[in-house]
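Laboratory data are not the source of any read-out in this text; all were calculated from the coordinates shown. Here the structure is a predicted model, which is why all the values come from computation and not from measurement. Cβ coordinates were reconstructed from backbone atoms using ideal geometry, including for glycine residues, and neighbour counts include every protein chain displayed.
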Amino acid sequence: MCPILGGMREDQIEAATAPLRDDIRFLGAILGETIRDHEGTEVFELVERVRREAFRVRRSEVDRGAVENMLRGIDIRVGIPLIRAFSHFLLLANLAEDLQRDRRRAAHLAAGEPPQDSSLAATYRKLDAAGPDTAVVADLLTDALIAPVITAHPTETRRRTVFDVQTGITDLMRRRQRYTPSEPEYPEFEKQIRRQILTLWRTALIRLARLRIQDEIEVGLRYYERTLLAVIPRINTEVRAALRDRWPGAELLPRPILRPGSWIGGDRDGNPNVTGEVVHRATHRAGEVAFGHYLAELEELEKSLSQSSRLVTVSPELGRLADAGHDDSPQRADEPYRRAVRSIRARLHATAQRALADVPSVPAASPATRAGTDSLGGAIAADGVRPYAGPAELLADLDIVDASMRATGDDLLADDRLAALRGAVETFGFHLQGLDMRQNSETHEQVVAELFAWAGVHSGYASLSEPERVELLAAELATRRPLLAPAAYDPAPAGGAGLSEVTLRELGVLRAAKVALDSLGPDAVPNYIISMCSSVSDMLEAALLLKEVGILDPGDGTAGPSGPVGVVPLFETIDDLRRGADTLAATLAVPVYHRLVAAHGMRQEVMLGYSDSNKDGGYLAANWALYRAELDLVEVARRTGIRLRLFHGRGGTVGRGGGRSYNAILAQPAGAVRGSLRLTEQGEVISTKYADPSTAYRNLEALVAGTLESTLLDVEGLGADAGPAYEVFDELAGSARRAYARLVHDTPGFVEYFRASTPVAEVAALNLGSRPASRKPTSSVQDLRAIPWVMAWSQARVMLPGWYGTGTAIEEWVGDDPRRLATLSELYRRWPFFRDVMSNLAQVLAKADMHIAARYAELVPDETLRDTIFGMIRDEYDRTVRMHAAVTGFDELLSDNPALAESIHNRFPYLEPLNAMQVDLLRRRRAGDESELVERGILLTMNGLATALRNSG
């Protein structure tokens, strides 16, 4: 059941959601008054008429076409403020729902009810009840890591200004609810909220220009300053203490379990904007944020640690640190802690100067975005000061301060700012976040072929068979000899034997990664990910490129190989997922690669792609292909002795692997987690999860809770029935993939229908990010990126990637046999994987709307094509809803998620006008109206709908 409203009677739900409705009415009224005051009575009254009519449609008092009829052919100059009005209504509804979730959690705690699933408190209770053995726990949590990875796939449609205003309104609403209307402070909050909403109304919703990758880097880093620098170390400290308290002899989690990552600035698959300079900017700006945070905290710590040597006795180590010579002020002569902290500050500032001396310039919009060490603050003289060799040395000095304070009973002081700083240094090091590199295997092949030809090793690498490639690559990986002379990196070296632009760019990226590793530490660039990996040579090519720039040292016969960066295959299509375990096993069988893995403690990471597998085979087939791939990879790990770490390439929408992270982790097969998990966080999901400290804490604790439960408990729940259950899903997935292929791959004209019936062509104009919408300039579904594919279907309210094919698969497998239906119902009850699949399916089906989708289908000029394809979509939708009810036993799609059901119910009146306006404006544009106002109106509707659906891409 839903942790917020689950188990309540209808009247209880009504009472519990009353504050939500009050907030929506309050904020909506202020917005309405703002519109009336600044757009005029005519616009305000039109908005109100449309809103009232939309509510009548929701209550089934008028036909669904009522709103469409009101808005068809509307003057675009009036239509744009109307679109903006409903977009803002929806944005404020999001805000109100977030506040409601906070209220319900507070009420839950106040009532003394048991901790909710996905909280660490609930997880500890389950672990205490199960009582796993200490040796087992120690083994399973060896090298434990949970890494949320912020990616360069932005689908966040809100501008930063809009985001900041929304945050401001949220803070004001939280403060307002602490007062009663009779208290004098109450009216002031309303006045400030009115100011914020006026600012919102006066701010353009869409960007004039596409985000540059430099902007994306800054956007990603803002979440550290806003929440992550404080929240992640707090969770790490709490989890370590809780686990060591339960298993005191195991010394669990020697490294913090939560360690974040990023792709922004390192992911160049299909993005030519990622260069060596961009990698340098991304890594060193991250380092600047880390150093800036530490130096600011040390400055505050120096102010607060005023203990006098006349009143306390310090340890000899602390005395030596205080006497290091960086503070000769007579006023501080009896303040050893202040002098010790100043000594640490001096060394850290010198360290920052050395590491960040050559940070590329960044647009200096604020002190936080200035380059180099200018923005670090609290600069002190550092001439002749020895920099720290690494974060461990800094942490050792902080530990001296901590130990001395605790020795004299000042634990209360040590547990405050100092403890938070120690936790941050331990978690973030000097690098802040690990920047993954990613490139497509085709590019690697091209670059390696050129390097071999340039060096005279082989002139026709691309023509070699797979065994010949592996033999050649293995031989090169066994030697330290580089393929290129240093002069070859010049675009026009002496002798005219230049390298191609592609090869120079790739080598430039890798050399920049080497600089980051040398200056910021071995965690600065932890992984090299190979997109569309399908062979042993694909993996060895990446390793060879790492060797070429000095990141990987193959050893010399006496010393083994070494290097901080792991080679990570990404299996994306359904066929590649099926072959993934065989590919990994074959690569591990190559002696030179096996030695590389051994140098990493036998840890091998594998990334699984949710987006392309879904686009390739549909929702159910992709989910099962991923599950099967994990089972096979777990078996390879058992057989070869590697410690497998899975990296889940999840998007925001269900069609790209989205959904509740806690449930998704529990839905993994047995042995697939083992204390380690990485997953991508992208687009609007990032701000939803990590913009607010309390929300960030809840989402991160859910990741940790799910990982601990999946690692230490038997959560699959199938036991001896696992084999038969897998066979059932083999059949279901095959049937679902065939049904999906009949529509997407085999129906003539499907791509034409997709482009005509959705705003996919307009998605690129939203200026969401630096990445092109397609990998290649073709009209193929395969070459279209998953984000515009999913986002376009979402805008048209079809949501096709999140459900199509599932209904047919279940219906065909069940047939007329009630025993088969009972089998699926039992699997749904027992198996977290199937339960998660069906729950996410219901979310998508509930957000889809076939009446609205039919209006988009009318944009297809070919009537026969329109009727054929939309008929298939509508029939499959009805079938899938029917089959969901049959398997789950729920009469309503969201019976197990009343909070989402309430959310969709509240949003309906605001969604209907936006979809109606979008269809009308698309119709005008395709009839030849290319005016700037029509284009702007379309983009505004897309922004509003993406805001409303909250997981658009």
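Can you match Rg and Dmax of the Cα atoms in Å to one of these, (i) 35.4, 118; (ii) 28.9, 92; (iii) 38.5, 124, based on a calculation from the structure here? Recomputing Rg and Dmax of the Cα atoms in Å here gives the entry labelled (ii). Within the same chain, aspartates and glutamates fewer than 8 places from Lys689 are excluded, and of the rest, those with a Cα less than 19 Å from its Cα are Glu97, Asp98, Asp102, Asp117, Glu156, Asp164, Asp171, Glu216, Glu218, Glu225, Glu681, Glu701. Each Lys and Arg Cβ is given +1 and each Asp and Glu Cβ -1; about its Cα centre, the chain then shows a dipole of about 1220 debye.
Couplings 3J(HN,Hα) of the range 940-947, computed from phi: 5, 5, 5, 4, x, 5, 5, 4 Hz, in residue order, whole Hz [Karplus 6.51 cos²θ - 1.76 cosθ + 1.60, θ = phi - 60°; x for Gly and Pro]. Under 14 Å from the 7 Å Cα→Cβ point of Met70, by amide nitrogen: which residues of the range 911-953? Answer for this model: 911-917.
The spacing between the range 384-408 and the range 597-653, judged by their C-alpha centroids, is 40 Å.
For the range 719-896, the dipole from Cβ point charges (+1 on Lys and Arg, -1 on Asp and Glu) about the Cα centre works out to 660 debye, to the nearest 20.
The order of the peptides 539-546, 721-728 by mean Cβ neighbours within 10 Å, most packed first, is 539-546, 721-728. When the charge dipole of the chain is built from unit charges on Cβ atoms (+1 for Lys and Arg, -1 for Asp and Glu) and taken about the Cα centre, the candidate among Leu172, Ile904, Gln795 whose Cα reaches farthest toward its positive end is Leu172. Using the Cβ of Ile810 as centre and a radius below 15 Å, the other residues enclosed give a net charge of -3, where K and R count +1 and D and E count -1. Here's how it looks for Arg603: its modeled amide H is under 5 Å from those of Arg643, which are all 5 or more places away or on a different chain. Over all other residues within a Cβ to Cβ distance under 13 Å of Asp920, the charged ones net out to +1, with Lys and Arg as +1 and Asp and Glu as -1.
Taking a straight line from the alpha carbon of Lys303, these aspartates and glutamates sit under 20 Å away, with near neighbours fewer than eight places off in the same chain left out: Asp323, Asp327, Asp328, Asp334, Glu335, Asp397, Asp399, Asp402, Asp410, Asp411, Asp415, Asp416. Summarising the label geometry, the points placed 7 Å from Cα in the beta-carbon direction at Arg406 and Arg926 lie 6.8 nm from one another.
Distance between the C-alpha centers of the range 525-575 and the range 300-319? Whole Å please. After rounding, the separation between the Cα centres reads 49 Å. Contact order, relative form, for the chain: 17 percent (alpha carbon pairs under 8 Å, 6 or more residues apart, mean separation divided by residue count).
Separation of the range 677-708 and the range 450-465, taken as the distance between their Cα centroids, equals 45 angstrom.
Residues whose amide H comes within less than 5 Å of that of Tyr804, counting only those at least five positions distant or on another chain, are Tyr619 (H built at 1.01 Å from N in the peptide plane). Among the GluC sites (Glu not before Pro) found in the range 851-953, those both in a DSSP coil and sparsely packed, with 11 or fewer other Cβ atoms within 10 Å of their Cβ, are Glu930.
By the count of neighbouring beta-carbon atoms within 10 Å, fewest first, Phe163, Phe430 end up ordered Phe163, Phe430. Bridging of Lys847 to aspartates and glutamates at a Cα separation below 16 Å is possible for Glu876, Asp878, Glu892, Asp896, Glu902, Glu912, once same-chain residues fewer than 8 apart are set aside. Computed from backbone phi, the HN-Hα couplings of the range 142-151 come to 4, 6, 5, 7, 10, 10, x, 10, 6, 10 Hz, rounded to whole numbers (Karplus: 6.51 cos²θ - 1.76 cosθ + 1.60, θ = phi - 60°; Gly and Pro given as x). With K and R counted +1 and D and E -1, the other residues having a Cβ less than 10 Å from that of Ala419 yield a net charge of -1. Considering only Leu140, Leu893, Gly460, the residue lying farthest towards the positive end of the dipole of the chain is Leu893, judged by Cα position with unit charges set on Cβ.
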